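The values are calculated or read from the model by the stated rules, or taken from the named source; none is laboratory data. Note that the structure is predicted; figures quoted are calculated from it, not measured. Note: ideal-geometry Cβ built from the backbone for every residue, glycine included; neighbour counts use all protein chains shown.
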Amino acid sequence: MNVLIAIVVIPCSLMASIGRSAPLQQQTPKSSALVEDPDFQELVERSRSLALKILQSIPDTHKSCIHSQNTLQLNSPDNLRFEFMANSIGIPPTPVVTPVSENFSLNTSLKNMSEGLHQFSALLSTISERLQNKNKVVELMSDIKDLTIQINKMQKMLHRDSVVQSTPAPVSLHIDGHYEVQLAAHLTLVKLQSFGQDIVRCLRSLDCSEDENTES
């Protein structure tokens, strides 16, 4: 019995298409040169350290100002149930931050980081006025301010000229009752934790020492 063996030939154009299907971590030549600049790398390292510090302090901050720990837990799948309430309270959507790629430029990344940090600073400032114990929140706001300064320095290096700072929209929260204050603080810290994790991932993608460690 003769056995026929079919050989499937994949056209080169299709192979090229498959190769292009994965997102490429690319930057413009100008951005690539800037990222490799030692001064820029120092800012990346400093910013990443501050972002990690913020993430590490969020759990203690949450415990210090949230008294309804049974229903408002920082890391809980139930937090998804409260998402729809963020709008009614007045908490705006968080700017998107992802690792720099051909679809997400360095400029967009830094801009969204800065806007998001300003947003969280304004939210925490408004909420802290209604908290009995706000010491940890004030400390957290100080770290957010320091991180914002570092991000703005990177923006200035990218543009070389003075950066036009965006003016964050004023925050107006509907937190008349005690529970609304607790919920607003909870949701803000939950969102800040997620945003901080996105910042760390983005900064890791800009850290040239990470590439060197990977290659070695």
(Q) I'd like to verify a number: residues in segment 93-129 that are within 14 Å of Leu203 (Cα to Cα), in a loop (DSSP other than H, G, I, E, B), more than 11 Å from the chain's Cα centre (by Cα) and not polar (S, T, N, Q), how many? (A) 1
Q: Check off (1) modelled with pLDDT under 95; (2) among the basic types (Lys, Arg); (3) surrounded by fewer than 17 Cβ atoms within 10 Å (Cβ to Cβ); (4) in contact with a helix residue (DSSP H, G or I) (Cβ under 9 Å, 6 or more places away or on another chain) for Lys145 and give me the number that stays unchecked.
A: (1)
**Q.** Arg81 surrounded by 15 or more Cβ atoms within 10 Å (Cβ to Cβ) and either within 30 Å of Leu158 (Cβ to Cβ) or not aromatic (Phe, Trp, Tyr) (or both)
**A.** no
